[in-house]
Amino acid sequence: MCGVHTHVVTAAEIRDRHAADAKSLPYLVDMTAENFVLREVSADKAYASARNYDAIDRYGATPFIAFKANATGAVVACGRRCFITSAYVARTFSRLSQAEHHQHDQGQVSGQRT
């Protein structure tokens, strides 16, 4: 794990090359919480599991993890908050994408990305 603003590595775990990264998240969250206050934890949907959501929730942080297509939210302790966060993030990215397409249609986008 690393800090978003500082880019400081807050925790690391060296595992065998065939090990699943997602299983390391609770350990990394625990190690980070020993020295830092967790507010948010971001990860891709490979990390979406009840165990990982619970590890983040234990410290009162908000998980920003995309849900897998088959997610129901039934087994997640922070389910409603996670669902609202996920829905908010999805809606925000959708609006940004729509705005970009609108600007492109209006000739306001040069095609270069920064």
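The values are calculated or read from the model by the stated rules, or taken from the named source; none is laboratory data. This structure is a prediction, so every number in the text was calculated from the model and none was measured. All Cβ positions, glycine included, derive from the backbone under ideal geometry; neighbour counts span all protein chains shown.
The selection criterion, being touching a Gly at 6+ places or on another chain (Cβ under 9 Å), surrounded by 11 or more Cβ atoms within 10 Å (Cβ to Cβ) and either at pLDDT below 80 or not hydrophobic (A, V, I, L, M, F, W, C) (or both), does not hold for Y27. Any residue that is within 15 Å of M1 (Cα to Cα), without any contact (Cβ under 8 Å) to a residue 60 or more places away in the chain, among the aliphatic types (A, V, I, L, M) and part of a loop (DSSP other than H, G, I, E, B) - is there at least one of those in the range 39-60? Checking the range 39-60: not a single residue is within 15 Å of M1 (Cα to Cα), without any contact (Cβ under 8 Å) to a residue 60 or more places away in the chain, among the aliphatic types (A, V, I, L, M) and part of a loop (DSSP other than H, G, I, E, B).
Of all residues in the range 8-18, at least one satisfies being of a type outside the set (D, E, K, R), surrounded by 14 or more Cβ atoms within 10 Å (Cβ to Cβ) and more than 28 Å from A69 (Cα to Cα). Note on the range 54-83: among residues that are over 10 Å from the mean Cα position of the chain (by Cα) and at pLDDT 75 or above, the one that is surrounded by the fewest Cβ atoms within 10 Å (Cβ to Cβ) is G60.
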